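**Student:** Input: one structure, supplied below.
The values are calculated or read from the model by the stated rules, or taken from the named source; none is laboratory data. Predicted model, so just to flag it, every value in this text is computed and none were measured. Cβ: placed from backbone, ideal geometry, glycine included. Neighbour counts: every protein chain shown. Side chains included, ligands, DNA and RNA excluded: accessible areas come from the protein's heavy atoms. Shrake-Rupley method; radii C 1.70, N 1.55, O 1.52, S 1.80 Å.
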Amino acid sequence: PLNNSINYKSDNRGLWRIAMSKIKPRAKIPKEAELDEVIEIKTLIRHPMHSGRVKGSDGKTIPRLIINKFNAMFNGKTVFAVNLEPSISSNPYISFPFKVKEAGTFELTWEEDGGNQYKLAKSIKVV
C-alpha cells in the first residue's frame, strides 16, 4: 500500500486503483420533517481525490482519480447537482438546503473518473 488508510492495487494496465471496499458514502438526512421546513442535507464520501499530480512512494505519478460529479435526487427529480474538480480535498463534504414538500426518498450518487458510481438512498417522512 502507498498509504496506511487506503489500499491500492495495480490493474493489468499498471494503473493504481483504489480498492472499492474502502470508499464509503455517508449522508445525514433527518428521518422526518414538517411540511415546508427547510432542512440541511449533509453528505460525505471517504475518497482520496487524487489529482494526478502527486507521486507515490515508488516515484511514479498516481493517476488522477477523483469524484467528479455529485447528484441528489428526491422522488426521482434532481434537486442538487455539482461537478467537482481536482482541487477539491480528499473526503469531499457537500451540504445543501432542501425545502420539504412531501415524504420521499433521496437518492445520492457520487461518480468518479472512469464511471464508477457510489450510491446511497435515505427516506424522509413528513410529520
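**Student:** Out of everything in the range 22-34 that is closer than 11 Å to Ile124 by Cα and not in a strand (DSSP E or B), what residue ends up being most open to solvent (accessible area, probe 1.4 Å)?
**Tutor:** Here the residue is Lys31.
**Student:** Another question, then. Which residues, counting only those in the range 89-124, are open to solvent by 60 Å² or more (accessible area, probe 1.4 Å) and either among the hydroxyl-bearing types (Ser, Thr, Tyr) or in contact (Cβ under 8 Å) with a residue 24 or more places away in the chain (or both)?
**Tutor:** Just the residues of the range 89-124 that are open to solvent by 60 Å² or more (accessible area, probe 1.4 Å), to begin with: 89, 91, 93, 97, 99, 101-102, 107, 114, 117, 119, 121-123.
Correct list: Ser89, Asn91, Tyr93, Pro97, Lys99, Lys101, Glu102, Glu107, Gly114, Lys119, Lys122, Ser123.
**Student:** Checking Ser57 against (1) in a strand (DSSP E or B); (2) farther than 17 Å from Ile23 by Cα; (3) of a type in the set (Gly, Ala, Ser), only one condition comes out false. Which one?
**Tutor:** It fails just one condition, (1).
**Student:** Identify all residues within the range 35-50 that are part of a strand (DSSP E or B) and of a type outside the set (Lys, Arg); write none if there are none.
**Tutor:** Hits for the range 35-50 are Val38, Ile39, Glu40, Ile41, Thr43, Leu44, Ile45, His50.
**Student:** Still on this structure, I have one more. Can you tell me which of Asn71, Asn83 is farther than 14 Å from Gly104 by Cα, loosely packed, with under 12 Cβ neighbours inside 10 Å and either of a type in the set (Asp, Glu) or within 15 Å of the chain's Cα centre (by Cα) (or both)?
**Tutor:** Values: Asn71 fails: loosely packed, with under 12 Cβ neighbours inside 10 Å.
Asn83 is the lone residue from the list that is farther than 14 Å from Gly104 by Cα, loosely packed, with under 12 Cβ neighbours inside 10 Å and either of a type in the set (Asp, Glu) or within 15 Å of the chain's Cα centre (by Cα) (or both).
**Student:** Would you mind telling me which numbered condition in (1) touching a strand residue (DSSP E or B) at 6+ places or on another chain (Cβ under 6 Å); (2) at pLDDT 85 or above Tyr8 fails?
**Tutor:** Here Tyr8 clears every test but (2).
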